[in-house]
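Participant: Just passing along the structure, written as structure tokens.
What follows is calculated from the coordinates using simple rules that are stated; it is not laboratory data. Everything numeric in this text was worked out from a predicted model, so none of it was measured. Note that each Cβ is placed from the backbone with ideal geometry, even for glycine, and that neighbours are counted across all protein chains shown.
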Amino acid sequence: MRLAILLSGRGSNFAAIHGAIVRGDLDAEIVCVISNRPDAPGIAHARTLGLPAHAVDHRAFDSRAAHEAAVLAILEKEKPDFIALAGYMRLLSPAFIAAYPMRIINIHPSLLPAFPGVDAQGQAIVYGVKLSGCTVHFVDENLDAGPIIVQRAVEVRADDDASTLAARILEEEHAAYVEALVKLASGDYCVDGRRVVFN
Ligand code: GAR
């Protein structure tokens, strides 16, 4: 499986995916890592690992379409089977998503459809849910809304705040992202409406 990674920040999900490949748990090759933020720790990490790393600073472009065209040009060259958003904090346009239907995946730190958007862990604390978690899903044109591939639940403790909950969810994110990619790499699944069915 040829895998492209898009990130904006820390890159711990990217590191977890890379670790799984190195250990032999995931049969994949990271063909490029793209960050819209040149100072993202994740892109620096990709460089130290010797992976093809591209900083495509969205602030250097006049429009979303122009920035996406630059990202798409890299992807067209690298021909990934899947594009994994790993803390990529830019909305993708419908045209970008249409270029890779059911081949862009995202991780979100809640049990979707609860708490889409920013600060999902803080939203969970404020709402008072007893269970939250993370979701790996296909990306469609709606925010945090595409067909669900893997979810993992995390208990919300009485003394949690957004940051302690985020830390425990993050551990599950790392495992969930690898689990989802292993399943997708098998190729043995179909998408039936909203349902992703693995055989
Ligand atoms: C992760 O918690 C991920 O779920 C979240 O950003 C963090 C990135 O961490 N993504 C979203 O909230 C997307 N809506 P990382 O850079 O260490 O992988």
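Participant: Please give the net charge around L184, taking every other residue with its beta carbon less than 13 angstrom from that of L184, where Lys and Arg add +1 and Asp and Glu add -1.
Facilitator: Charge balance in the 13 Å sphere: -1.
Participant: Still on this structure, I have one more. What is the local net charge at A98, summed over the other residues whose Cβ is closer than 12 Å to its Cβ (Lys, Arg +1; Asp, Glu -1)?
Facilitator: -2
Participant: Here's a follow-up. What FRET efficiency comes out for the pair D25/R47, r = Cβ-Cβ distance, R0 = 35 Å, nearest 0.05?
Facilitator: The value I calculate is 0.90.
Participant: Can you compute 3J(HN,Hα) from phi for each residue in the stretch 145-160, using the Karplus curve 6.51 cos²θ - 1.76 cosθ + 1.60 with θ = phi - 60°, rounded to whole Hz and x for Gly and Pro?
Facilitator: Residue by residue, the stretch 145-160 yields 10, x, x, 7, 9, 9, 10, 9, 8, 9, 6, 8, 8, 4, 9, 6 Hz.
Participant: For the stretch 87-157, compute Rh as the Kirkwood radius over C-alpha pairs and then the Stokes-Einstein diffusion coefficient at 20 °C and 1.002 mPa s; write the answer in µm²/s, rounded to an integer. Please list the in-between numbers first.
Facilitator: Values: Rh = 12.6 Å.
After rounding, the answer is 170 µm²/s.
Participant: Give me the extension gain from A95 to A66: residue separation times 0.36 nm, minus the current Cα-Cα distance, reported in nm with one decimal.
Facilitator: Working: separation 29, 0.36 × 29 = 10.44 nm, distance 1.20 nm.
Taking A95 through A66 to full extension adds about 9.2 nm, to one decimal.
Participant: A further question on this structure: Using only DSSP helix segments of four residues or longer, with each worth -39500 (n - 2.57), what per-residue ellipticity at 222 nm results for the chain after dividing by its residue count and rounding to 500?
Facilitator: Working: 6 runs with 74 residues, N = 199.
Helix-only estimate at 222 nm: -11500 deg cm²/dmol.
Participant: Here is a follow-up. What angle do you read, to the nearest 10 degrees and between 0 and 90, between the alpha-carbon axis of helix 12-23 and the longest principal axis of the chain?
Facilitator: In the chain, helix 12-23 runs at an angle near 70 degrees to the longest axis.
Participant: Can you tell me how much longer the chain between L143 and E76 gets when fully stretched, taken as 0.36 nm per residue apart minus their C-alpha distance, in nm with one decimal?
Facilitator: That works out to 21.7 nm of additional length.
Participant: For the pair E171 and D39, what calculated FRET efficiency results from E = 1/(1 + (r/R0)^6), where r is the Cβ-Cβ distance and R0 = 25 Å, to the nearest 0.05?
Facilitator: 0.45
Participant: Run the dipole for the chain about the Cα centre, Lys and Arg Cβ at +1, Asp and Glu Cβ at -1, nothing else charged, and hand back the magnitude in debye, nearest 20.
Facilitator: Values: 18 positive and 24 negative charges, 40 e Å.
That gives a dipole near 200 debye.
Participant: Against the 2.2 N^0.38 Å scaling, with N counting residues, where does the chain land? I'd like the Cα-based Rg ratio to two decimal places.
Facilitator: 0.99
Participant: Check the straight Cα-Cα distances from K183 and name the lysines below 21 Å, setting aside those fewer than 8 residues away within the same chain.
Facilitator: Excluding near neighbours in sequence, the set is K79.
Participant: I'd like the antiparallel share, as a percent to the nearest 5, of DSSP beta bridges with both residues in the chain.
Facilitator: If I count the DSSP bridges inside the chain, around 45 percent turn out antiparallel.
Participant: On a full-extension model of 0.36 nm per residue, what is the gain between K130 and V182, subtracting their alpha-carbon distance, rounded to one decimal in nm?
Facilitator: Fully extending the segment from K130 to V182 adds 15.8 nm.
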